[in-house]
Amino acid sequence: MLQAGGGPESGEPVQMSSNATIIELVKKVKALEQEQENSRKTQAALKESEERFRLISETIHFGVFEMDENGSLLYTNTSFQDIFGLTLVESLVVDWRDYLHPDDRQLVVGQLEQALKELESYSTECRIVAADKKQRWIHLHTSPVFSDTGARYTGTIEDITKRKEFEEDLKKAKEEAEAANRAKSQFLANMSHEIRTPMNGVIGFTDLLLETGLDELQRDYTETIKRSGEALLSLINDILDFSKIESGELEFESIEFDPELLVYDVCELIRPRIGDKPVELLCHVGDDVPTVVKGDPLRFRQVITNLLGNAPKFTEAGEIELALEVEEEDETRIMLHATVRDTGAGIPSDKLESIFEPFQQADGSTTRKYGGTGLGLSICRQLAKMMGGYAWAESTVGKGSVFHFTAWLEKVPDRPHRRFVPAELTGRRVLVVDDNRTSGRIIEHMLKNARLEVTVLDSGQKALETLGKAGGRDGVYDLCLIDLGMPDLDGFTLARRIRAMDGMKGAVLIALAASMQRDARKSKEAGFDGFLSKPVRRNKLLQMIKRLLGRSVEEDRSDNGRSIHTEYSVREQLKRSVRILLAEDNPVNQKLAKIMLTKAGYQVELANNGVEVLEMMRRRPGDFDLIFMDVQMPEMDGMEATGKLRSEGFTEIPIVAMTAHAMKGDREKCLEVGMNDYVTKPIKREVVFEMVNNYVLSKEERS
Amino acid sequence: MNFKELGARLGLEEDEFKELVELFVETGAADFDRLQTAAASRDVEQVMKSAHTLSGAAGNLGLMDIHTLAKQIENQARDNKLDGVSEAVQELKVRIDQVAAVFGG
C-alpha cells in the first residue's frame, strides 16, 4: 500500500507526473533555445542590416543626414561631412546652417523653418561656404519621418557645383551669343539703312536724268544704272528681311488694300523683265475675290512680286500666268491663293523643297547666271507662314512650274467711296523737311516740275521755326513732307508738334519713310495724312498730293478713324471711285452686269438705251468716267448714241462697245464711230478692269 | 440644276443667281410670246430679234441648252429658213418651263 501509497520511486501516478514534467521542461528548453536562436538571428540580421546601411551610407555619393525638429543634426554620413568640410563630431555639434552662403542663408533658413513647422518636405538648390572656405552649390532635400517620440527629418544633399558651373557657362555663352546676334541684326539694319540712303540718291537722280532729253545711248546707260541700283536695293531688302525674320523682329501691319489692283500692279512691274522673249504674261483674278481686305499689303505684295519675278528668269518661251483665287473663308477671314504658273525649264522633284531653304537654288550655277541672294523663296515661305498660309511649288521638268502662295486676310465690310476731284497743284506751297540733302533735292525737283512752290529744310527744328515765324496763318503752307528718320527731331515728334500749332490743324502732312520703316499706323497716330516709302516715285507723290489737297471738309470728317493714305490706297480709292454708265436693254443682262461691276468695286448706273445715255450725259456731264454701251439696243443703238455724244462735244469720256457675238469688222465699225474699245458679252471682271485701268486709272496717273 | 454651281461660275452668290434666273423667266415669257407670234406669222425679222434676246440672256446666265436652241432659231431666221422652226419654238418653251418649274411655277 505504502509502496503504492506514495514513494517517489513507486506508484504509477507519480511516475506519470514526473514524465510529463520532463517533457514540459524539454519543450521549454527547446523553446528557449529557439528564442535564443531567433534572437541571435535577429541580432545578426540587424547587424547585417546596420552593416549594409553603414556601407551604403558611407560610400554613397550623396550626403545623408538625420535631424530633429529644430534642425539640429542627429546623424551625418561621410559624404555629408566631406561636402561641408567637417568631421563627424563637428558635423553633429555645429549648426550646419551657419555654413550656408550669406546671400542664400536667410531665404533657405526661413523656408526650412516653414517646412519643419508644417511637416512638409523641402527641396532647394543653394550655395554653402564649407569649413575649408570652398564655395559649393548643393541640392538639399529633406522629408519628415513620424514616430512616437516626435518628428524627425531625414534628407540628402548633393554637391551640384559642377553642374551649376556648367549651367552658368551655358547661360553666359547663350547671353553672349544673343548679344552678338542682336549686334549683328543692329549692324545689318544700320548698314542697310546707310546703304539705302545713297542708293535712293542714285536711283532718284537717275530718274531725273532720264527726263533730260538723253540720246539713245545715254538713255540705255542710264537705264542700266537705274536697273542695277534697283537690283542692289532689293538685295539689301532681302538680306534685311531675312535677318529680321531670323531674329523674330518682323512686324505685320493691318491695313485695307485691294488685292485685285495689287496683282495687276505686280504684273505691270514684272512685265518689263520679260524683255523681247516670246513669253506672254497673263493675269487672272477670280470673280469672287473681294475688292478690299485687311492685312499687310506690302508683305502680300512682296511674296507675289518675288514669285512672279522669278518666272521670267527661267521661262524662255510660252506663258507666265499669275492667278488669284479664294481658297476658303469663314465669318471674318478669307484665305487667298495666288499661283504663278510658267512654261519654263521646270524643277526636279528632289529640289522642290530645298529651293525654299535659305541660300539654296535649284542649281548652283543659278546664282551665277541669274544672281539673287537665294533668300527670296525662303523669305516668301516665312512671310506666308506668318500670314497663316504657306508657299510651295509643283513642277514637271521640261513643262514648267507652278508656285503657290496662300495667306489669311481679314474681311472688310464694303462701303461706297466718295468721288474726289484731283486738286490743282500750281502755286500750292509745300514745306519739305529731310535731313538728307540729296533726298530733299530730288523731291524739290519733282515738285517744282509740277509747278508747286517748294521750301526745303534739313531739320525739324528749322521747320518749327519757319512755321512759327509764318505765324501759323492758314494756307502759308498747304502741305508738309516730312522724313521720319531725322536725327535731331524725328518725323513723328515733328508731326505732333505741327499738329499742335495754331492754324496747322488743317494742313496736309505726308510721312516719308525709309523703305523698311513701315510705320503707317504710328504715322497716323502722330497726325500724318499720308505715308510714302522711299525712294519716292514722282507719279505716286503727285497723285497722293492731288488726292489729299483735293479732299473736302465733309470727307475729312467722315474719314475719321480711317487708315492713313498710302501710295496703294490712293490708287485703290481711285479705282473705287470710278463711275461707270452701263447702257444695256435686256433686264437680265443689265442686272448681271450691275451685280458684277458693283462686286468688283465700281459705282454703276444703268441706261436702257442710247436715248437715255444722251439724256444722262447732257444732264450730268462729268459724272461718269467710262461708258459701257451695248451695240444692239432699241430706240437708239450704241453706234448712233456714240456718234451723237462725240458730235455734242463729249469727246473725252471713254466708250467701250459690248456685243453678243464678235463679227468681222465690228471692231473697226465701233472705232469708226468714236468708240475707244470693244468687248464681247458676257463681260468679265478682268476685261472690265483692263478697260478701267487703260482708260481711267492710267490716264489719271499720267496727268 | 445646280444654281449654286452655275452662280459660282459667274462669281455670284446662290441667291443673287436665283434672282437673275427669276428675272429671266419673267422677262423671257414676254420675249417668248413675241417669238411664238412672229414664228406663226413668219415674221423673220421679229423671230430673229426675239430669239437673239433670249439666247443672249440665257447664255449670260449659263443656261446653255436654252441659249443653243434660241441661237439655232435665230440663225434659221437669219438664213430665212423658217421650216420646222415651230418645233424648235415648242422645244424652247419646254426648256424655259423647266427652269420656271424649279421656282415653283
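Which count do you get for residues in segment A:603-632 that are more than 22 Å from A:Arg667 (Cα to Cα) and within 14 Å of chain B (Cβ to nearest Cβ)? Of the residues in segment A:603-632, 2 are more than 22 Å from A:Arg667 (Cα to Cα) and within 14 Å of chain B (Cβ to nearest Cβ).
Regarding B:Phe24, is this residue open to solvent by less than 70 Å² (accessible area, probe 1.4 Å) and within 11 Å of another protein chain (Cβ to nearest Cβ)?
Working: open to solvent by less than 70 Å² (accessible area, probe 1.4 Å): yes; within 11 Å of another protein chain (Cβ to nearest Cβ): yes.
When the stated conditions are applied, B:Phe24 passes them.
Can you name every one of the helices (runs of 4 or more DSSP H) wholly within chain B that holds 3 or more residues which are more than 20 Å from A:Gln590 (Cβ to Cβ) and β-branched (Val, Ile, Thr)? Qualifying helices (runs of 4 or more DSSP H): B:85-102. Out of all the residues in segment B:12-21, is one or more over 9 Å from the mean Cα position of the chain (by Cα), among the hydrophobic types (A, V, I, L, M, F, W, C) and more than 12 Å from chain A (Cβ to nearest Cβ)? Checked against the condition, which is being over 9 Å from the mean Cα position of the chain (by Cα), among the hydrophobic types (A, V, I, L, M, F, W, C) and more than 12 Å from chain A (Cβ to nearest Cβ), segment B:12-21 yields no hits at all. Meeting the requirement of 1 or more residues that are within 19 Å of A:Arg685 (Cβ to Cβ) and under 44 Å from the mean Cα position of the chain (by Cα), the helices (runs of 4 or more DSSP H) wholly within segment A:585-671 are A:587-599. For A:Val263, the criteria (1) in a loop (DSSP other than H, G, I, E, B); (2) among the β-branched types (Val, Ile, Thr); (3) in the same structural domain as A:Asp342 (by TED's automatic domain parsing) hold in every case but one, which is (1). Of the conditions (1) within 30 Å of A:Glu329 (Cα to Cα); (2) within 9 Å of chain A (Cβ to nearest Cβ), B:Leu6 satisfies every one except a single condition; which number is it? All conditions are met except number (2). For segment A:65-85, the criterion of being of a type in the set (Phe, Trp, Tyr) and in a strand (DSSP E or B) is met by at least one residue.
For segment A:575-596: of the residues being hydrophobic (A, V, I, L, M, F, W, C) and within 11 Å of chain B (Cβ to nearest Cβ), which is farthest from A:Ser698 (Cα to Cα)? First the steps, then the outcome.
Residues of segment A:575-596 hydrophobic (A, V, I, L, M, F, W, C): A:578, A:580-583, A:588, A:592-593, A:595-596.
Those left that are additionally within 11 Å of chain B (Cβ to nearest Cβ): A:588, A:592-593, A:595-596.
Numbers: A:Val588: 31, A:Leu592: 27, A:Ala593: 23, A:Ile595: 25, A:Met596: 22 Å.
Among residues in segment A:575-596 that are hydrophobic (A, V, I, L, M, F, W, C) and within 11 Å of chain B (Cβ to nearest Cβ), the one farthest from A:Ser698 (Cα to Cα) is A:Val588.
Rundown of residues vs (1) assigned by TED's automatic domain parsing to the domain that holds A:Leu88; (2) touching a residue at least 60 places away in the same chain (Cβ under 8 Å); (3) out of contact with any helix residue (DSSP H, G or I) (no Cβ under 9 Å at 6 or more places or on another chain), yes/no style:
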{"residue": "A:Glu33", "(1), (2), (3)": "no, no, yes"}
{"residue": "A:Gln36", "(1), (2), (3)": "no, no, yes"}
{"residue": "A:Ser39", "(1), (2), (3)": "no, no, yes"}
{"residue": "A:Thr42", "(1), (2), (3)": "no, no, yes"}
{"residue": "A:Lys47", "(1), (2), (3)": "no, no, yes"}
{"residue": "A:Glu66", "(1), (2), (3)": "yes, yes, yes"}
{"residue": "A:Glu69", "(1), (2), (3)": "yes, yes, no"}
{"residue": "A:Ser72", "(1), (2), (3)": "yes, no, no"}
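In segment B:36-71, the qualifying residues are those that are open to solvent by 30 Å² or more (accessible area, probe 1.4 Å) and within 12 Å of chain A (Cβ to nearest Cβ), and the one that is nearest to A:Lys594 (Cα to Cα) is B:Thr53.
Taking A:Gly248, is it free of Cβ contacts under 8 Å to residues at least 24 places away in the same chain, within 21 Å of the chain's Cα centre (by Cα) and over 30 Å from A:Glu316 (Cα atoms)? Yes, satisfied. Looking across segment A:613-628, the residues that are of a type in the set (A, V, I, L, M) and in contact with a helix residue (DSSP H, G or I) (Cβ under 8 Å, 6 or more places away or on another chain) come down to A:Val613, A:Leu614, A:Met617, A:Leu626, A:Ile627. For segment A:203-220, the count of residues that are touching a residue at least 24 places away in the same chain (Cβ under 8 Å), in a helix (DSSP H, G or I) and either at positive phi or among the charged types (D, E, K, R) (or both) is nonzero.
The values are calculated or read from the model by the stated rules, or taken from the named source; none is laboratory data. Predicted model, so just to flag it, every value in this text is computed and none were measured. So basically every Cβ, Gly included, is an ideal-geometry build from the backbone, and we count neighbours across all protein chains shown. Keep in mind that these areas ignore ligands, DNA and RNA; they rest on the heavy atoms of the full protein, side chains included. Shrake-Rupley method; radii C 1.70, N 1.55, O 1.52, S 1.80 Å.
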